[in-house]
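To start, the structure itself, in structure tokens.
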Amino acid sequence: MAVAPASPAASSPEGHAGPLGADFAKTREGRLLFWIAVVFSLYQLATAAHVLNLPSQVVRALHVGFLMLLGLPFVAALAERSIRAASWALGIIGFAVGLYQWIFYEDLVVRAGDPTQLDIVAGLAALAVLFVAAWRIMGPSLPIISGVFLAYALWGEHLPAPLDHRPYDFEQIVDQMAYGTEGIYGIPTYVSSSYIFLFILFGVFLERTGMIQLFTDVSLGMVGHAKGGAAKVAVIASGLMGTISGSGVANVVTTGQFTIPLMKRFGYRPAFAGGVEATASMGGQIMPPVMGAVAFIMAETIGVPYAEIAKAAVIPALLYFGSAFWMVHLEAGRSGLLGLPKDQCPSAGAALRKGWYLVLPLAALVYLLFDGYTPLYSGTIGLALTAMLLLGGAIARPLPRLAWRVLFWVVLGLAAATFLKFGVWIIGAMLALLIALNVVTRGGRATLLLARDALAEGAKTALPVGVACALVGIIVGTMTLTGAATTFGDFVVSIGEKSLFLSLVLTMITCLILGMGIPTIPNYIITSSLAGPALLHLGVPLIVSHMFVFYFGILADLTPPVALAAFAAAPIAKESGLKIGIQAVKIALAGFVIPFMAVYAPALMLQDGGPLAQEIGFPLAVAYIVFKACIAIALWGAAAIGFLAAPLGWWERLLATAAAFSLVLALPLTDEIGFLLSAVFVAQHYWRLRRRTRLERPA
């Protein structure tokens with residue numbers, strides 16, 4: 001067993017690209033930023049493994065401080081000297097605020113709610129630097145929305161009822177936003193500073209072991225030769241990639257480098273090729289076991305184990321990728337696109353036999369998560385095991401005989417397995433030994449450089465996620481302080497008393513509109529805070545109501561003008577990000593029915609409840625709703641693409657749409673209507689196809 005060696009580019013700080021679209025510069029400043037990123041990752045690992053024990057508030061404050069210190073100078077690295085100097089100054093101020101919270105932590109706890117003038121100055125500095133950093137790293141949309149909420153906290157008392165609130169002192173608002181756990185250091189930042197950062201590093205290290213190549217080879221071997229195989233490879237590879245990465249953009253820039261050119265070479269339009277990759281990559285956020293950052297925030301927000309969130313996401317995630325797979329199959333049929341020659345496709349079985357051991361850290365992570373261990377502990381162990389694979393490969397490769405290499409891995413695996421009995425220190429000791437052995441070998445030193453670069457990449461990948469989590473704390477803090485969520489919730493409840501479907505549509509529209517300007521994380525936090533309690537009041541199960549918002553937050557992230565995954569695919573596809581975003585929405589259309597069906601039949605998310613489960617039992621309810629969802633997705637996809645076994649007429653597309661819509665509602669009458677319309681649609685379509693084929697056949 002050998003882990004993929006470091007590439008030449010990966011062994012230097014400068015040859016390292018990240019989602020912000022630039023490398024660490026080949027300058028003294030670039031090297032300094034590189035080492036800040038490495039120290040940032042080491043700090044997060046030390047706090048996660050409890051090597052460094054700090055109060056939670058301090059961990060969060062230093063996390064945000066590192067984000068400012070790394071993020072602001074990094075995005076200004078190519079700007080003129082004055083802008084770079086200002087960015088460094090602001091970054092240092094942001095980090096100094098984190099140190100201030102650490103140094104004066106006990107004093108701040110004692111005088112909580114009664115800040116001094118110095119506290120107010122430090123708080124204002126933290127807020128100002130965070131707004132600037134978010135604007136520079138993520139663009140203006142989220143800072144503007146957060147600024148509106150902050151303005152509402154300051155001056156909302158002057159608005160007419162029911163939008164007004166009682167007046168608050170300026171010092172009270174600053175204290176709410178910049179101290180404690182209700183503002184920028186709230187639950188989103190807590191999740192970012194623990195789970196999210198750790199799982200980002202886990203994905204980065206797993207990629208370094210050769211996991212991307214394994215996923216690509218397995219996907220090519222499974223469907224590369226089928227009709228439209230190039231696009232199907234993109235869907236499956238992105239789905240597999242989604243099991244280790246919760247970032248849609250990261251998935252695009254990894255699997256997309258291979259799949260988008262492959263799709264273009266086999267006849268797919270550049271916009272459609274980019275749209276397929278963007279749609280499939282965004283699904284990585286709902287694909288267990290390593291879901292997107294929102295899943296961890298959701299678990300903390302509603303107080304359920306992360307494993308419950310992952311369990312609820314399994315069937316919707318499979319249906320999401322199934323719908324994307326179905327859409328590209330229909331597009332391939334409509335455009336007459338074939339697959340790759342079978343002799344050019346690798347064997348999926350051979351790829352698994354060669355790289356099966358790469359899946360072991362992922363398997364360990366799944367076991368720990370579903371056995372009741374916390375995501376923080378599970379992620380730490382998963383990351384440590386991945387590092388052992390990476391470092392152990394450098395030791396095993398030079399061994400002259402296969403038997404010795406096998407013996408090395410068996411001993412290493414058995415020793416690692418003892419952590420369940422003897423504790424995490426066993427893995428820590430083994431990692432220290434592997435690092436020492438790598439230091440004294442030539443190939444080992446190159447692997448250590450690869451691991452160092454992975455630490456830097458992880459920190460850089462975490463920048464937009466971490467900054468977004470901190471800034472949305474202002475929105476959450478405002479709603480907590482003023483009770484704004486209650487006002488919106490009452491409005492949704494009043495509508496829902498007449499029609500639950502209208503309340504769901506209103507929530508969906510809110511998600512989609514917000515998604516046109518902000519990423520998934522703030523979209524989820526805002527919409528779930530506003531609509532989540534209202535949907536719960538209307539009888540929607542807790543996890544289902546939050547998953548509904550989460551799901552549409554992902555679909556919204558594909559909607560232009562701010563379609564991050566689409567714009568990440570644009571330079572690879574050599575096409576406009578706007579055109580790719582439009583195609584991505586079209587490809588994802590079939591998936592829009594899934595969250596609605598889950599509300600009316602919670603069994604789709606493996607949740608108890610709903611009249612269907614009470615009537616026929618939970619297992620049968622799950623099987624029935626999955627069957628019905630598959631039919632609805634198939635019909636919706638055919639209507640959107642305009643093709644089934646042959647091109648569809650306009651009236652056929654309307655019939656398919658009506659049938660799919662009828663199957664969404666979990667009522668006996670609508671189900672019967674939906675199945676009847678589905679049968680009529682399929683029967684007449686194939687009858688017309690056979691009749692046309694018979695007429696075209698030569699006499």
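The values are calculated or read from the model by the stated rules, or taken from the named source; none is laboratory data. These numbers come from a predicted model, not from an experiment. Here the Cβ positions follow ideal geometry from the backbone for every residue, glycine too, while neighbour counts run over all protein chains shown. Heads up: the accessible areas ignore ligands, DNA and RNA and are worked out on the full protein's heavy atoms, side chains in. Shrake-Rupley method; radii C 1.70, N 1.55, O 1.52, S 1.80 Å.
Values computed for the structure shown
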read-out	value
Test result for A531, under 24 Å from L163 (Cβ atoms) and part of a helix (DSSP H, G or I)	yes
Residue that is among the small types (G, A, S), within 27 Å of V252 (Cβ to Cβ) and modelled with pLDDT under 90, where the choices are A17, A2, A112, A37	A17
Test set (1) at pLDDT below 85; (2) out of contact with any helix residue (DSSP H, G or I) (no Cβ under 6 Å at 6 or more places or on another chain) - I582 fails condition number	(1)
Residue match in the stretch 300-309 (condition: crowded, with 24+ Cβ neighbours inside 10 Å and either touching a Lys or Arg at 6+ places or on another chain (Cβ under 9 Å) or closer than 23 Å to L535 by Cβ (or both))	yes
Long-range neighbours under 7 Å by Cβ, at least six apart or interchain, first residue within 17 Å of V359 (Cβ to Cβ) and in a helix (DSSP H, G or I) within the stretch 392-417, second open to solvent by 60 Å² or more (accessible area, probe 1.4 Å) and aliphatic (A, V, I, L, M)	W409/M1
Filtered residue count, the stretch 532-547, keeping only those that are within 15 Å of S499 (Cα to Cα) and open to solvent by less than 10 Å² (accessible area, probe 1.4 Å)	3
Conditions (1) over 27 Å from L62 (Cβ atoms); (2) in contact with a Phe, Trp or Tyr (Cβ under 7 Å, 6 or more places away or on another chain): number failed by P160	(2)
Looking only at the stretch 42-63, and only at residues there that are assigned to a helix (DSSP H, G or I) and of a type outside the set (A, V, I, L, M, F, W, C), the one that is surrounded by the fewest Cβ atoms within 10 Å (Cβ to Cβ)	S56
Matching residues in the stretch 156-185 - criterion: being over 23 Å from V121 (Cβ atoms) and either open to solvent by less than 70 Å² (accessible area, probe 1.4 Å) or among the charged types (D, E, K, R) (or both)	G156, E157, D164, H165, R166
Qualifying residue in the stretch 435-447 (condition: out of contact with any Ser or Thr (no Cβ under 8 Å at 6 or more places or on another chain) and not in a helix (DSSP H, G or I))	yes
Unique match (being at pLDDT 75 or above and touching a Gly at 6+ places or on another chain (Cβ under 6 Å)) among Y551, Y524	Y524
Selection count, the stretch 278-308, where residues are assigned to a helix (DSSP H, G or I), over 10 Å from the mean Cα position of the chain (by Cα) and within 25 Å of V328 (Cα to Cα)	3
Selected residue [in contact (Cβ under 8 Å) with a residue 40 or more places away in the chain and under 18 Å from L368 (Cα atoms)] from L385, L420, L450, L431	L385
Residues that are outside any helix (DSSP H, G or I) and over 19 Å from K586 (Cα atoms), drawn from the stretch 534-559	L538, G539, V540, P541
Residue match in the stretch 140-148 (condition: open to solvent by 20 Å² or more (accessible area, probe 1.4 Å) and assigned to a loop (DSSP other than H, G, I, E, B))	yes
Count of the stretch 91-118 residues which are open to solvent by less than 20 Å² (accessible area, probe 1.4 Å) and within 13 Å of A61 (Cβ to Cβ)	4
Number of positions in the stretch 323-356 that are of a type in the set (S, T, Y) and open to solvent by less than 10 Å² (accessible area, probe 1.4 Å)	1
Condition met for V622 (among the aliphatic types (A, V, I, L, M) and either without any contact (Cβ under 8 Å) to a residue 60 or more places away in the chain or under 22 Å from G333 (Cα atoms) (or both))	no
Filtered residues of the stretch 561-585 (kept if under 23 Å from I475 (Cβ atoms) and open to solvent by 10 Å² or more (accessible area, probe 1.4 Å))	P561, V562, L564
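Residues are listed down the side, and each one gets a yes or a no for (1) in contact with a helix residue (DSSP H, G or I) (Cβ under 6 Å, 6 or more places away or on another chain); (2) at pLDDT 80 or above; (3) more than 15 Å from F215 (Cβ to Cβ):
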| site | (1), (2), (3) |
| --- | --- |
| G339 | yes, no, yes |
| L352 | no, yes, no |
| L365 | yes, yes, yes |
| L368 | yes, yes, yes |
